[in-house]
Amino acid sequence: MKKRNDLSTSGFLKLLFGFFTLAFLVTAVILPDRGQMFDGLWRIISQTAKVSTNYFDYGGYAGAFLNAALVCLICTALYFLPGAKATGTSVIAFLLTAGFTFWGINVLNIWFGFLGVLLYCLVKGVRPGSQVNAMLFTSGLAPLISDLLLRYPNADAVGFSWTGLALAVGVGLVIGFFLPAGLANAKNFHQGYSIYSAAVPIGLTAFFLNAFLYKVLGGTLPGGATTDLEVASWNVCNVFCFVVFGLCIAAALLMGCKPRDYWALLKDAGYGTDFPQQYGSAAALMNVGVFGLFIVLYYNLIGATFNAVTFGCIFCMLSTCCSGSHPGNVWPIMVGYVAASFLCKWLAVGDYAQMINAQPIVVGLCFANGLSPISGKYGWPFGILAGMLHFCLVTSVPNLHGGFCLYNGGFTAAFVCVLLVPVLEHFLPARKQQLQTKAGK
């Protein structure tokens, strides 16, 4: 164990990525429908992937976990390229990608954005290893790639074609080539108060491509998800999560994590931080386990349906576990969502479809936790307010990007920051000065 403690932060995080990859693979081969997992994987690859597509319905449980394992294996391998270094941002990129392998990303549609980033590296003369995070973030538009491959410009899927392949390559090159520049400047949009910075350039790119492909050129915009969201399993999702997150907690204790170490992390505001660097790998791993169980228990408490979308949301929400989010600054966001749901139901004048366990709201929360720096910096009442604002906006933002942006909730979080943070800074100038003084120390 001493050798494991001597690992660099990057080495530790690569091991963590490998652990999740192995967990997905082992689960795929022990599930009862494992005999159909390759057929299921093909069905996942050969169908459109618009939000929210339930891969438990498309590919079965084993097929969905196999898809997750293969994509995670590719992502983990990329972090071993020369010049690649895993950081807290890498955890966001990896776990977001892992979460969406259950409802939007597959082993085929990830490659086209990768090609765009490789083109960027060639033009700029930089090592591909230095842009692995950007490669993974391009998968935020993977559903658009599948749509171009299989359907565009028709109303219904027609299957693979050379025209679709050419379109997917061209759009993938555009996405990947311009994304690194967008990532470098994304924090200017929300002043660092949204942890999901990558959602800004991805969301804006989706907005442009949706307008160009489906408005200007006249392509037929597809409807909602074509899969049955009722295909779900409480047992598969909960047993997997309790085992995996329990192992994380046990490993953190074996690595020497003390209660005071994790308590110090829980008091962190979550603004511009990297938990493994600041508190050590053991405390960061403890947060992976505790925060993961915290998310699972919340979804159980509100009565969410444990389909592949909900299951993927757990990992999407967990992705910020090393970059600022923990139970101490996320609970106000959750309370804000619950409060907004009941308040809006009371105010609604027609049929109400946004109960706290409705699928769009379950999905929305998985990115609302990116606003945890507001909760940590300005206090829990403003965290609740941020959660309520996110609740009100999250189901309307897909109109901008046509439902192709997997990072819709993160894109919404950036808009919440634009609305809320200037108001907080204006009316709480003393608090702002306090924060600046503390940051200077």
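The values are calculated or read from the model by the stated rules, or taken from the named source; none is laboratory data. Quantities reported herein were computed from a predicted structural model and do not represent experimental measurements. Every residue, glycine as well, gets a Cβ built from its backbone with ideal geometry; the counts of neighbours run over all protein chains shown. Only protein heavy atoms, including side chains, enter the accessible area calculation; ligands, DNA and RNA are left aside. Shrake-Rupley method; radii C 1.70, N 1.55, O 1.52, S 1.80 Å.
Remarks
- Some residue of segment 155-164 being within 19 Å of residue 316 (Cβ to Cβ) and among the polar types (S, T, N, Q): no
- The set of residues in segment 122-140 being over 21 Å from the mean Cα position of the chain (by Cα) and either closer than 17 Å to residue 112 by Cβ or aromatic (Phe, Trp, Tyr) (or both) consists of 122, 128.
- Pairs with Cβ under 8 Å, 6+ apart, first in segment 11-38 and more than 21 Å from residue 132 (Cβ to Cβ) and modelled with pLDDT of 95 or more, second surrounded by fewer than 21 Cβ atoms within 10 Å (Cβ to Cβ) and among the basic types (Lys, Arg): 28/34
Yes/no matrix, rows are residues, columns are (1) among the polar types (S, T, N, Q); (2) open to solvent by 10 Å² or more (accessible area, probe 1.4 Å):
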position: 372; (1), (2): yes, no
position: 376; (1), (2): no, yes
position: 385; (1), (2): no, yes
position: 388; (1), (2): no, yes
position: 398; (1), (2): no, yes
position: 407; (1), (2): no, no
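- Where helices (runs of 4 or more DSSP H) fall wholly inside segment 79-188, the ranges with 3 or more residues that are at pLDDT 95 or above and either among the polar types (S, T, N, Q) or under 21 Å from residue 53 (Cβ atoms) (or both) are 88-100, 111-124, 132-137, 162-185.
- Out of 294, 242, one residue alone is open to solvent by 50 Å² or more (accessible area, probe 1.4 Å) and within 27 Å of residue 63 (Cβ to Cβ). It is 242.
- Given (1) modelled with pLDDT of 95 or more; (2) over 30 Å from residue 425 (Cα atoms), index of the condition residue 230 fails: (1)
- Pair list, Cβ < 7 Å and 6+ apart or interchain, from segment 176-197 residues that are closer than 28 Å to residue 376 by Cα to residues that are open to solvent by 20 Å² or more (accessible area, probe 1.4 Å) and among the β-branched types (Val, Ile, Thr): 190/418
- For residue 194: the one exception among (1) on the phi < 0 side of the Ramachandran plot; (2) open to solvent by 10 Å² or more (accessible area, probe 1.4 Å): (2)
- Residues that are at pLDDT 90 or above number at least 1 in the following helices (runs of 4 or more DSSP H) confined to segment 340-441: 359-368, 372-378, 380-393, 408-427.
- Inspection of segment 270-288 identifies no residue that is in a loop (DSSP other than H, G, I, E, B), in contact with a Pro (Cβ under 8 Å, 6 or more places away or on another chain) and of a type in the set (A, V, I, L, M, F, W, C).
- A Cβ distance below 6 Å, combined with a sequence gap of six or more or placement on separate chains, defines the contacts here; from segment 158-175, residues that are closer than 19 Å to residue 220 by Cα reach residues that are of a type in the set (Val, Ile, Thr) and surrounded by 14 or more Cβ atoms within 10 Å (Cβ to Cβ) in the pairs 168/145.
- The residue list 229, 266, 221, 217 contains one member that is open to solvent by 40 Å² or more (accessible area, probe 1.4 Å), touching a His at 6+ places or on another chain (Cβ under 9 Å) and farther than 22 Å from residue 136 by Cβ, which is 266.
- Residues of segment 239-269 satisfying the condition of being basic (Lys, Arg) and not in a helix (DSSP H, G or I): 258, 267
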